[in-house]
Amino acid sequence: LRGSAQRKWNLSKLIYTEGLEPGEALRKWKQEEEEEEENIEDDEDDFFQKKETAASNADLDTFVPFFDDLQTLKEKFTTEAIEALKSRFFAVSKKPSGEA
Amino acid sequence: MSAIPFQGHRNFRIRLVLATLAGKPIKITKIRSDDLNPGLRDHEVSFLRLLEAVTNGSIIKISYTGTTIEYSPGIIIGGSLTHNCPPTKPVGYFIEPMLYLAPFSKTKFSIVFKGITSSKEDAGLEAIKWGLLPVMEKFGVREAALHTLKRGAPPNGGGEVHLKVDHLIPQPLTMHALEMPKIAAIRGVAYCTRVSPSIVNRMIDAARGVLRGVGVEVNITADVWRGENSGKSPGFGLTLVAESKKGWRFIAEDIGGPGEVPEDIGVKVAYELLEEISKSAVVGRNQLQLALCYMVIGKEDIGRLLLNKEQIDENMIYLLRDIKKLFGTEVYFKDDDNENCLVATVKGVGFTNSSKKIA
């Protein structure tokens, strides 16, 4: 219980910690999801980081989000995966749902 | 008032748009300063011109090298105008940010955009029509429409679209979307210009083949453009929309690039739609920015939006930091009963359309 309370506090904190690269913040948050008992003090060690300086040619202002390539997606959406996704559809799904 | 500093070319449009809504001057430095070809791109300058045209009293200063700009926003006045988009970006790049400004304008927005109408990175016409306008409707902006007069595939374009937002509101409604919408149907549009009409059917068949498994009605319209209204280049594309009964929609789209056959596009877009559904809760990733920004500029009340944990990515963190810099508002995340989801809660800043203050 303590863990869950800490976790949500950490996400908001991580997001708004200027100087922490978003990728790094995400990594920390996701890792905590997997390993419940991670030492928070470790996080503070790499608090100060060098700002990203690499020249980036990438267009950082696009509409279409990132997708894995088609092959990965094809492997991901097997018949079972589509079956699992059926709870999101109003269809002949396994569990009958009343809510609109 | 000293300008709020930003760096780099990330989120270029949304930073300028939010600065306009917040009425705060900003300064963006180091725009591609490490690049071989430093500074602003044609489309970014074109966007600045558009921004200047729909506002009154904006001051834009671009440094000699184009790596620094200062922007001091004026008030949003809207009006009727025509914008010629450069060939580097499609009209969607310019229409998307206008959706943030249009409802809060002094006069109605009625802008004709000319240029390329589709691309692989930016919003296509159907994505705006079926993906973004419905989100605006959820926030109380009705009577917004995008009319396709001519389609224009890249690279030569020649398209023409008309954005009309006839509904001016003082501020967006407060959002409370905590239930995962159920998708009732999948619709779509397969379009082509200056190529054989059989191409659209090939895309439709390929997409249907993938989506057959999900068990909802799949209805994809063929939209073949011929003659003068079909632009200067051959091209084809597909947009798929998963819609719920309550009006939430998820979209995925793509266009045919060099060497791609229609079947590839059909299959790819169908899988991407499934991926988008599996990674989202109430809105898709490409609608999230609009939804969050509208929540931030809402009434001084707590708005809530259910998110999938997968939706928290780098782009979102950059967006939330930009919002905080400009509005001083933070979005809080609460755990939801569903362990894959979070609830984003944000208190609106109490923004009011400056031309609607007397009421």
Problem - Distance between modelled label sites at B:Glu314 and B:Arg208, nm, 7 Å Cα→Cβ extension - result: 4.0 nm
Completion exercise
Taking a ≥ b ≥ c as the square roots of the eigenvalues of the Cα gyration tensor, with a/c under 1.5 meaning rounded and otherwise prolate when a/b exceeds b/c and oblate if not, chain B is oblate
Handout entry: Cα centre as origin, Lys/Arg/Asp/Glu Cβ charges: the stretch B:287-356 dipole, Debye
Key = 460 debye
Exercise for the section: With θ set to phi - 60°, apply the Karplus curve 6.51 cos²θ - 1.76 cosθ + 1.60 along the stretch B:209-216 and write out the HN-Hα couplings as whole Hz, x wherever there is a Gly or Pro. Expected result: x, 6, 7, 4, x, 7, x, 10
Exercise for the section: Rank B:Asn308, B:Leu320, B:Asn340 by how far each Cα sits towards the positive end of the charge dipole of the stretch B:298-343 (+1 on Lys, Arg Cβ; -1 on Asp, Glu Cβ) and give me just the farthest. Expected result: B:Leu320
Fill in the blank from the handout: At the level of C-alpha centres, the distance separating the stretch B:250-325 and the stretch B:1-62, in angstrom, is 23 Å
Problem - Relative contact order for chain B, counting Cα pairs under 8 Å that sit 6 or more residues apart, in percent - result: 14 percent
Practice task
For peptide B:283-292, compute the average count of partner chain beta-carbon atoms within 10 Å of each residue's beta-carbon.
Solution key: 1
Fill in the blank from the handout: Under the helix-only model (-39500 (n - 2.57) for each DSSP H run of 4 or more, divided by the residues of chain B), the mean residue ellipticity at 222 nm, to 500 deg cm²/dmol, is -8500 deg cm²/dmol
Problem - Prolate/oblate/rounded call for the protein assembly as shown, Cα gyration tensor, a/c under 1.5 rounded - result: rounded
Handout entry: About the Cα centre, charge dipole magnitude for the protein assembly as shown (Lys/Arg +1, Asp/Glu -1 at Cβ), debye
Key = 2220 debye
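Can you classify the stretch B:121-199 as rounded, prolate or oblate using the Cα gyration tensor, where a ≥ b ≥ c are the square roots of its eigenvalues, rounded means a/c under 1.5, and otherwise it's prolate if a/b beats b/c and oblate if not?
Oblate.
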Exercise for the section: Kindly flag which residue pairs out of A:Lys30/B:Lys246; B:Lys279/B:Lys325; B:Lys30/B:Lys334; B:Lys164/B:Lys347; A:Lys30/B:Lys27; A:Lys86/B:Lys279 have an alpha-carbon separation exceeding 24 Å in this structure. Expected result: A:Lys30/B:Lys246; B:Lys279/B:Lys325; B:Lys30/B:Lys334; B:Lys164/B:Lys347; A:Lys30/B:Lys27
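Among B:49-55, B:239-245, B:142-148, how do they line up by average Cβ neighbours within 10 Å per residue, starting with the highest? Please list the in-between numbers first.
Working: B:49-55: 18.7, B:239-245: 22.7, B:142-148: 15.9.
For the peptides B:49-55, B:239-245, B:142-148, the packing ranking is B:239-245, B:49-55, B:142-148.
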Completion exercise
Highest mean packing first, using Cβ neighbours within 10 angstrom, the peptides B:250-263, B:107-120 sort as B:107-120, B:250-263
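Just how large is the dipole of the stretch B:4-165 about the Cα centre, in debye to the nearest 20, putting +1 at every Lys and Arg Cβ and -1 at every Asp and Glu Cβ?
Rounded to the nearest 20 debye, it is 200 debye.
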Problem - Shielding of A:76-89 by partner chains, average beta-carbon count, 10 Å - result: 5
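Just so you know, all these numbers are worked out from the coordinates, no wet-lab data involved. Keep in mind that what you see is a predicted model, and the values were worked out from it rather than measured. Counting neighbours? That spans all protein chains shown, and the Cβs are built from the backbone with ideal geometry, glycine included.
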